[in-house]
Amino acid sequence: EKSGKAVYNRGIGGDTTNRLIERLESNVLCLEPEKVVYLIGTNDHAKGADDEYIISNIKTVIGMTRKTCPGCEIAVQSIYPVIDHKQRKNKNLKPLNEKLKKLCRETDVVYIDLFDSLCDSNGSFDKTYTYDGLHPNVYGYEVVTKALLEFI
């Protein structure tokens, strides 16, 4: 389905919140978006950053977005589930998502919760929706796209 709007994916594989902060103005906000959706934090988590650091950086991203693009609507996606592997565990991602949801409520940002939609009955990334246990496959992106289109 076409939304009739230009959509830019400015995500970079392996990116962290501090790297996003460094490039945010020159790579995203310079486009003067009407709406922006952030999916950030999982790579910080995998590198050992604590939840407070991640939430603080996402709060900075929200603040920078509001300052540079005052009329821009902002949404933040939940961090996606994983099929547990050495660096990421769902038991740690769920509390981080709760903190992210709280931040969105406090900053009047739309929170798009995709965690449960992408989980199987055991609370792991549903194998139907992922090719590697970390990233969505085409079917996973259909779930994501449907949720994002409601915001866009």
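The values are calculated or read from the model by the stated rules, or taken from the named source; none is laboratory data. No experiment lies behind these values; they were computed from the predicted model shown. In this analysis, Cβ positions are derived from the backbone assuming ideal geometry, glycine residues included, and neighbour counts consider all displayed protein chains. When the accessible area is computed, the model is the full protein with side chains, heavy atoms only, and any ligands, DNA or RNA have been set aside. Shrake-Rupley method; radii C 1.70, N 1.55, O 1.52, S 1.80 Å.
Cα centroid distance between region 114-152 and region 77-105, in Å?
14
With the contact rule set at Cα under 8 Å and sequence spacing of 6 or more, what percent relative contact order holds for the chain?
Details: 178 pairs, mean separation 31.4, N = 152.
Over the chain, the number comes to 21 percent.
Over region 60-152, with every protein chain in place, what whole percent of the accessible area is carbon and sulfur at 1.4 Å, could you tell me?
Exposed carbon and sulfur together represent 50 percent of the surface.
Given H placed on each backbone N at 1.01 Å, which residues far from Gly41 in sequence or on other chains put an amide H within less than 5 Å of it?
HN-HN under 5 Å from Gly41: Thr17.
Of all DSSP beta bridges located in the chain, what percent are antiparallel, nearest 5?
On the way: 3 of 10 bridges.
Bridges in the chain that DSSP calls antiparallel: roughly 30 percent.
Please compare each pair in Lys99/Lys146; Lys89/Lys127; Lys59/Lys146; Lys47/Lys67; Lys102/Lys146 to a cut-off of 19 Å on the Cα-Cα distance and tell me which ones are over it.
Lys99/Lys146; Lys59/Lys146; Lys47/Lys67; Lys102/Lys146
Using a 1.4 Å probe, what is the accessible area per residue for region 89-152, in Å²?
I get 60 Å² per residue for this part.
Mind checking the angle between helix 51-68 and the chain's longest principal axis? C-alpha axes, 0 to 90 degrees, to the nearest 10.
The angle comes out near 30 degrees.
Calculate, for region 7-87, the solvent-accessible area per residue in square angstrom, rolling a 1.4 angstrom probe over the heavy atoms of the protein chains.
Details: 4320 Å² over 81 residues.
Each residue of region 7-87 exposes 53 Å² on average to a 1.4 Å probe.
How would the chain be classified by its alpha-carbon gyration tensor: rounded, prolate or oblate, with rounded meaning a/c under 1.5 and the a/b versus b/c comparison settling the rest?
Oblate.
Return the loop-located trypsin sites (Lys or Arg not before Pro) in region 49-152 (DSSP other than H, G, I, E, B) with at most 16 other Cβ atoms within 10 Å of their own Cβ; answer none if there are none.
Lys86, Lys89, Lys127
Could you tell me the relative contact order of region 72-122? Use alpha-carbon pairs under 8 Å, at least six residues apart, and round to a whole percent.
On the way: 47 pairs, mean separation 26.4, N = 51.
Dividing the mean separation by the residue count of region 72-122 yields 52 percent.
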